[in-house]
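Below: one structure, written as structure tokens.
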Amino acid sequence: MITLISNKGEEKNIDSLNGDSTVRDALMHLAPEDSEKLPKNFVAGKVNGELKDLSSALGTSEAKVEAVVIDSEDGIEILRHTTAHIMAQAVVSLYKDTDLTIGPVIENGFYYDFDTPHNFTPDDYKKIEDKMNEIIKANYPISREDISKADAKKRFASEKYKLEIMDGIPDDSVSVYKQGDFEDLCRGPHLPSTGYLQAFKITSTAGAYWRGDEKNPMLQRVYGTAFPSKKDLKSYLTMLEEAKKRDHRKLGKELDLFSTSEDIGSGLILWHPKGARVRSIIEDFWKKEHYKNGYSIINTPHVAKVDLWKKSGHWDFYKENLYSPMDVDGQDYIVKPMNCPFHIEVFNSNLRSYRDLPIRYAELGTVYRYERSGVLHGLLRVRGFTQDDAHLYMRPDQLEDEIRKVLRFILYILGSFGFNSYDMYLSTRPEKSVGSDKDWERAETALKNALTSEGLDYIVDPGEGVFYGPKIDIKIKDSIGRSWQCSTVQVDFNLPERFDLNYRDEEGGETRPVMVHRALMGSLERFFGCLIEHYSGAFPLWLAPVQVKVLTVTDRTNDYAEEVASKLLEEGVRAEVDKRNEKLGLKIREAQLEKIPYMVIVGDNDLNDKTVSPRSRDKGVMDAMSLEKFMELVAEENVVGGVK
Ligand SMILES: [Zn+2]
Ligand SMILES: [Zn+2]
């Protein structure tokens, strides 16, 4: 019997289908009565979990067949994948001597790598898109053919990349997809015909080596994207434009927040005075809140003996991310990639009793990890970064309560920085893992219960936990709807074993504590990058590196401006004076570009009346007022999280 599952989750059992019936035949039973055609948004089927073309035979008469609609996750992937083929068809028909390689789907789109003498530039996009539109208009049916590898090798004898790809396929048969006069080797599935494509765009090009290896020929990679509707495409493109304006690398330079230097090395961040000012505000807030929440803050070294990393397992399992050892008095040391073993040593420095637990050690710990230069990206992927790390040691019965506290703490901290929308993921036991069934079961239950009792919605990622324990990851959503992975809470059954952690239990025996790693912001570098983009560089008053800029109108008000600024500084307001002999209009424009929350203009009238004339970044020009009144106003707004 075939059980059909509609895109809305409704089930329907059908006896009349057999293995020769196609996915289309099966899904027709989900179409409205009397309709002769499948609804246009049905683009493929999932037969016992495997994606198949509408034209594919079910191959079995016992199956669950799910309808795949174009605006589902699977549907969008099929749509983008098919678009890559349509683009390839357009490119080979436009540019002679082009060899095809591969065209996978990636996040938010797809690419195709071409070996071609032609150098693609943005001028070519329109030409390729026009050709693609012709192919779409022709509405070629897309058909699949399964042939033997030997036949395929004959058919594609002149295409060296396809021959190489086929050598890597273990099966004896391969599938070939055809649309019009264009054929490509592919596993599929695809849209039923080219006319299904409604909204697409070529977005960029780049050079890329075949199989990512610099010894191989340089190919041309053309990126594009596709969406189920023109409206979806448009809002994605608008978001891209907006993201470009907010790019933290661009704003970091314009606002003089941070930089990197070739002489220092890639992925190593220099925090400039204004960036460092924001960082110190974040750190002060972080420390204060950690003390409030019962944490002890500790400091640990930047290097340690290799033996420590052998004991922790990092040396064996994490080697490709470690920097080479340095010799100190005949002993090998490495810079730390993690803080965990250090915190464990602090725990182990004393005999702990059940009464001491939980113990919570926190550190803004700077670590260094090797990342390939190709993946480095501004503040987001770096080689040196400071984790807002903490390790919690507790009795097994305290786990659920501790996780609840951590979750509450995370949401409070994220909310203070303006992140109030997030997705939570609970990752459970992977295939390869350490720790007993009982440990895993208990820890997963504790994490689940903690999430539920805090009223938090979460998505389970089965088998995606770390080998040493289950975890909760939190992805925050920024002001333009993008997701950023920041917070993580991970139970660890491994390190307590390796370092033989114990506490004296109530019976006077020794018991292993449960250990939890957690980070709220993740790394300060990454979090700062995320903050810059979230606020588009216009930090709320409590985070702004310069809060008030005092602008003089003429030289006559210079002394008064200095007086105003020093009073502000005395009150702890971060103020600067601009008394350059420039036009006021220019000074205002520059302060606006610096995205400073308040300008205070002091003219002759202000000097005479002992007033200031504020101009707010958000509220515009304000009436002249006494300095005291202005300072009250600033104090009111200058609170963590800003005024709600
Ligand atoms: Zn394909
Ligand atoms: Zn850790």
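Data for the structure
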{"quantity": "Pair list, Cβ under 7 Å, 6 or more apart: region 33-48 residue free of Cβ contacts under 8 Å to residues at least 12 places away in the same chain, other residue among the acidic types (Asp, Glu)", "calculated": "none"}
{"quantity": "Inter-residue pairs, beta-carbon under 8 Å, first within 20 Å of Ala519 (Cα to Cα) and in the same structural domain as Glu506 (by TED's automatic domain parsing) and in region 338-365, second assigned to a helix (DSSP H, G or I) and β-branched (Val, Ile, Thr), 6+ apart", "calculated": "Tyr361/Val346"}
{"quantity": "Output for region 242-278, where each listed residue is in contact (Cβ under 8 Å) with a residue 60 or more places away in the chain, among the charged types (D, E, K, R) and surrounded by fewer than 15 Cβ atoms within 10 Å (Cβ to Cβ)", "calculated": "Lys245, Glu254"}
{"quantity": "Residue that is farthest from ligand 1 (Cβ to nearest atom), among those in region 162-196 that are among the charged types (D, E, K, R) and in contact (Cβ under 8 Å) with a residue 12 or more places away in the chain", "calculated": "Asp172"}
{"quantity": "Matching strands (runs of 3 or more DSSP E) fully within region 351-435 where at least 2 residues are within 16 Å of ligand 2 (Cβ to nearest atom) and modelled with pLDDT of 95 or more", "calculated": "359-368, 384-394"}
{"quantity": "Complete set of residues in region 104-126 that are outside any strand (DSSP E or B), in contact (Cβ under 8 Å) with a residue 24 or more places away in the chain and within 25 Å of the chain's Cα centre (by Cα)", "calculated": "Asn108"}
{"quantity": "Meets criteria (within 19 Å of Gly522 (Cβ to Cβ), touching a helix residue (DSSP H, G or I) at 6+ places or on another chain (Cβ under 9 Å) and modelled with pLDDT under 95) for Asn321", "calculated": "yes"}
{"quantity": "Any hit, region 405-418, residues being charged (D, E, K, R), more than 22 Å from Gly313 (Cβ to Cβ) and exposed (fewer than 15 other Cβ atoms within 10 Å of the Cβ)", "calculated": "yes"}
{"quantity": "Residue within region 498-511 that is within 15 Å of ligand 2 (Cβ to nearest atom), in contact with a strand residue (DSSP E or B) (Cβ under 6 Å, 6 or more places away or on another chain) and under 23 Å from Pro358 (Cα atoms) present", "calculated": "no"}
{"quantity": "Residue satisfying all of: in region 308-337; part of a helix (DSSP H, G or I), in contact (Cβ under 8 Å) with a residue 12 or more places away in the chain and charged (D, E, K, R); nearest to ligand 1 (Cβ to nearest atom) among these", "calculated": "Glu320"}
{"quantity": "Out of Phe156, Phe110, sole residue that is modelled with pLDDT of 95 or more and either touching a Gly at 6+ places or on another chain (Cβ under 6 Å) or aromatic (Phe, Trp, Tyr) (or both)", "calculated": "Phe110"}
{"quantity": "Given (1) in the same structural domain as Arg80 (by TED's automatic domain parsing); (2) surrounded by 13 or more Cβ atoms within 10 Å (Cβ to Cβ), index of the condition Gly212 fails", "calculated": "(2)"}
{"quantity": "Only listed residue being of a type in the set (A, V, I, L, M, F, W, C), surrounded by 13 or more Cβ atoms within 10 Å (Cβ to Cβ) and under 37 Å from the mean Cα position of the chain (by Cα), chosen from Leu38, Leu27, Leu17", "calculated": "Leu27"}
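The values are calculated or read from the model by the stated rules, or taken from the named source; none is laboratory data. Since the model is a prediction, treat every value here as computed from it, not as a measurement. Don't worry about glycine lacking a Cβ; one is built from the backbone with ideal geometry, like all the others, and counts go over all protein chains shown.
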